[in-house]
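Please read the structure below before turning to the comments.
The values are calculated or read from the model by the stated rules, or taken from the named source; none is laboratory data. Just so it is clear, the structure is predicted and the values come from calculations on it, not from any experiment. No Cβ is skipped: glycine too gets one built from the backbone with ideal geometry, and neighbour counts run over all protein chains shown. In case anyone asks, the SASA skips ligands and DNA or RNA and just uses the protein heavy atoms, side chains included. Shrake-Rupley method; radii C 1.70, N 1.55, O 1.52, S 1.80 Å.
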Amino acid sequence: MRKAIAAALWLGLSALSAGHALAGEAGDAVFAERGPWSLGGQELQWSVHVEGPDAPGFLRIDDGSVTLAEVVDPSDQQPVLQLTQKTDSRTRQIGPFPISGGDPVLTFFLEQTARDMAGLTGGSPHYIRNRIKDALFRGGQIARQGEASVATFTPFAEDPNAARMKGFETLTLTFVLDDPKQPIRELRAETQGDMPGYVNRMALQ
């Protein structure tokens, strides 16, 4: 089951990463090559907070976390990466992910956002991923904020289907970045106004 979840996440990342050669400065900063990872016994943890309207299948998370760790794959005894997600009601492990691959935490965040939006709007996950992909690799803005860089994207601001997006046409993706080789400090997806009042925030602890 865990490998199936990991495979689904990486398929989502492939959809979001297609066309990386066309990335702009903001997209390049978000999708910088942070591997190969060498965590050893260190674990990296992000707090997780997700809120939105009461709807069937939507998982609100008041005080959750995602932990990235290096473990040994029992199938070949090689180091791999693993995510541990804790919500208010359950804990699950997701992986394995390759040491030299992309950023599993970024993948997890984008997939959760796309999945939540699809569930709350009834829209196509494939369409939503493609629009997010276009925003990440062909648009966005990046600015300095103290010692950090902040990249922002509005995937659905001018979408022809905005009237059917139930507030997600205002969705803004924000990434607070340090050195390109370092993990992303903060990942945030949020809508403006009361409808639907969606927030997905992960912050490095």
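Quick grid of which residues meet (1) closer than 21 Å to Ser38 by Cβ; (2) in contact with a helix residue (DSSP H, G or I) (Cβ under 9 Å, 6 or more places away or on another chain); (3) among the polar types (S, T, N, Q):
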residue: Pro74; (1), (2), (3): yes, no, no
residue: Lys86; (1), (2), (3): no, no, no
residue: Ser89; (1), (2), (3): no, no, yes
residue: Arg92; (1), (2), (3): no, yes, no
residue: Phe97; (1), (2), (3): yes, yes, no
residue: Gly101; (1), (2), (3): yes, yes, no
residue: Pro104; (1), (2), (3): yes, yes, no
residue: Gly122; (1), (2), (3): no, yes, no
residue: His126; (1), (2), (3): no, yes, no
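The single residue among Ala21, Ala15, Ala29 that is aliphatic (A, V, I, L, M), in a helix (DSSP H, G or I), open to solvent by 80 Å² or more (accessible area, probe 1.4 Å) and at pLDDT below 95 turns out to be Ala21.
A quick yes/no check of all residues on (1) touching an Asp or Glu at 6+ places or on another chain (Cβ under 6 Å); (2) crowded, with 16+ Cβ neighbours inside 10 Å; (3) among the β-branched types (Val, Ile, Thr):
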| site | (1), (2), (3) |
| --- | --- |
| Ile132 | no, yes, yes |
| Ile142 | yes, yes, yes |
| Gly146 | no, no, no |
| Thr152 | no, yes, yes |
| Gly167 | no, yes, no |
| Thr170 | no, yes, yes |
| Asp179 | no, no, no |
| Arg201 | no, yes, no |
| Leu204 | no, yes, no |
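Restricted to segment 72-102, and to residues there that are among the small types (Gly, Ala, Ser) and open to solvent by less than 40 Å² (accessible area, probe 1.4 Å), the residue that is farthest from Glu51 (Cα to Cα) is Gly101.
Taken together, Gly123, Gly119 contain a single residue that is touching a residue at least 60 places away in the same chain (Cβ under 8 Å), over 14 Å from Leu187 (Cα atoms) and either surrounded by fewer than 22 Cβ atoms within 10 Å (Cβ to Cβ) or of a type in the set (Asp, Glu) (or both), which is Gly119. Residues in segment 167-183 that are in contact (Cβ under 8 Å) with a residue 40 or more places away in the chain and in contact with a helix residue (DSSP H, G or I) (Cβ under 6 Å, 6 or more places away or on another chain): how many? Number satisfying all stated conditions: 3. In segment 32-71, the residue that is least open to solvent (accessible area, probe 1.4 Å) out of those that are closer than 16 Å to Gly197 by Cα and touching a His at 6+ places or on another chain (Cβ under 8 Å) is Ile61.
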